[in-house]
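In what follows, a single structure is set out as structure tokens and then discussed.
The values are calculated or read from the model by the stated rules, or taken from the named source; none is laboratory data. In this text the structure is predicted, and so the values were computed from the model without any measurement. Cβ: placed from backbone, ideal geometry, glycine included. Neighbour counts: every protein chain shown. The protein model used for the area step is the full one, side chains on, heavy atoms only, and it has no ligands, DNA or RNA in it. Shrake-Rupley method; radii C 1.70, N 1.55, O 1.52, S 1.80 Å.
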Amino acid sequence: MSPFANASILITGAASGIGAATASLLAQRGAKKLILADRDEDRLADFAFSLPCERALLIGDVADETLWRGADLTGVTHALVNAGVADGKPIGEMEFADWRRVMSVNLDGAFLTLRTAMRAMKSSGGAIVLTASVAGVKAEPGIAAYGASKAAVIQLARIAAKEGAPDGIRVNAIAPGGVETPIWSSMPFFADMVMDMGSEAAAFEAMGKIATPMRRYAKPEEIAEQIAFLLSDKAAFVTGACLVSDGGYSL
Ligand code: NAD
């Protein structure tokens, strides 16, 4: 039997990057239903159309409590808490609004998603993965809001794992290093690199060589495989863990 047969899986940030790669993988692995959340309605609708399983779309901001009040997660068995945004300013140059924007999506949004999933799983158990980042493990200049939000996500997963264990709910985090997804296009320095080098592929190749011992960034499909492992029964005794998947960047 396929590992996710009869599974009903919530994925936030599902229209792009890691979320979309995970949705595709879990649909291939037999998921019965995907509940896909994103604020990019057009992109999500186009993407969801291609998936070979039942799907429900939740359109809106994951940090908006009303989105979750209206969400029907009856029967949900798994969740990927994944929607996120990046920033790239030193603390001294950051406006409070920049800080709040990142904290709102990455931390408030993660909390609201996690709470909704845990409530829905309370009587029947389940498995949840939160997408953190190696930026929550390793300090680097220029990523204060992002790094602090992701460090908090790792601790949120650990606390949720302890709270969820009596109800049969496993909760883990994944902390990717650089992954080749559209999130980088929101960073001005990356846009400059793409202009200088002529393509995103060339910019990713150059970035991978800067500080990652394995000298490359990951593809979103690789991270999706690791998320699928943490969500699956193969990881049945794993809870409260943070899987760092960074090509050695944090070493
Ligand atoms: P992405 O930009 O390709 O996808 C993020 C998705 O989240 C987009 O579809 C976007 O519309 C959605 N989103 C953003 N804010 C939202 C909100 N408020 N409400 C609903 N949807 C929202 O980026 P990605 O790289 O796939 O990022 C997924 C997760 O992985 C993020 O949490 C990110 O921080 C994390 N991550 C990414 C990398 C990387 O290098 N790409 C590394 C470590 C961690």
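Screening residue 140 on (1) touching a residue at least 60 places away in the same chain (Cβ under 8 Å); (2) of a type outside the set (Gly, Ala, Ser); (3) under 30 Å from residue 195 (Cβ atoms); (4) surrounded by fewer than 21 Cβ atoms within 10 Å (Cβ to Cβ) shows it passes everything except condition (1). Among the residues of the stretch 73-90, those identified as among the small types (Gly, Ala, Ser) and within 17 Å of residue 38 (Cα to Cα) are 79, 83, 84, 86. Annotation: residue 152 fulfils all but one of (1) modelled with pLDDT under 95; (2) surrounded by fewer than 18 Cβ atoms within 10 Å (Cβ to Cβ); the unmet one is (1). Name the pairs whose Cβ atoms lie under 7 Å apart, with the first residue in the stretch 149-176 and free of Cβ contacts under 8 Å to residues at least 12 places away in the same chain, the second open to solvent by less than 10 Å² (accessible area, probe 1.4 Å) and not in a loop (DSSP other than H, G, I, E, B), and 6 or more positions between them or separate chains? If the second residue must be open to solvent by less than 10 Å² (accessible area, probe 1.4 Å) and not in a loop (DSSP other than H, G, I, E, B), no pairs are left. Return yes or no: is residue 194 in contact with a helix residue (DSSP H, G or I) (Cβ under 6 Å, 6 or more places away or on another chain) and farther than 27 Å from residue 71 by Cβ? For residue 194, the condition - in contact with a helix residue (DSSP H, G or I) (Cβ under 6 Å, 6 or more places away or on another chain) and farther than 27 Å from residue 71 by Cβ - is met. For residue 199, the stated conditions do not hold, so it cannot be described as under 27 Å from residue 112 (Cβ atoms) and either under 22 Å from the mean Cα position of the chain (by Cα) or open to solvent by 20 Å² or more (accessible area, probe 1.4 Å) (or both). Considering only residues in the stretch 115-172 that are under 14 Å from the mean Cα position of the chain (by Cα) and in a loop (DSSP other than H, G, I, E, B), the one that is nearest to residue 247 (Cα to Cα) turns out to be 133.
Residues in the stretch 136-175 that are closer than 25 Å to residue 87 by Cβ and among the basic types (Lys, Arg) were compared, and the one that is farthest from the ligand (Cβ to nearest atom) is 158. Given the criteria open to solvent by 20 Å² or more (accessible area, probe 1.4 Å) and either of a type in the set (A, V, I, L, M) or more than 16 Å from the ligand (Cβ to nearest atom) (or both), does residue 218 qualify? Spelling it out, it is not the case that residue 218 is open to solvent by 20 Å² or more (accessible area, probe 1.4 Å) and either of a type in the set (A, V, I, L, M) or more than 16 Å from the ligand (Cβ to nearest atom) (or both). Only residues that are crowded, with 18+ Cβ neighbours inside 10 Å and closer than 18 Å to residue 68 by Cα were counted across the stretch 112-126, and they come to 8.
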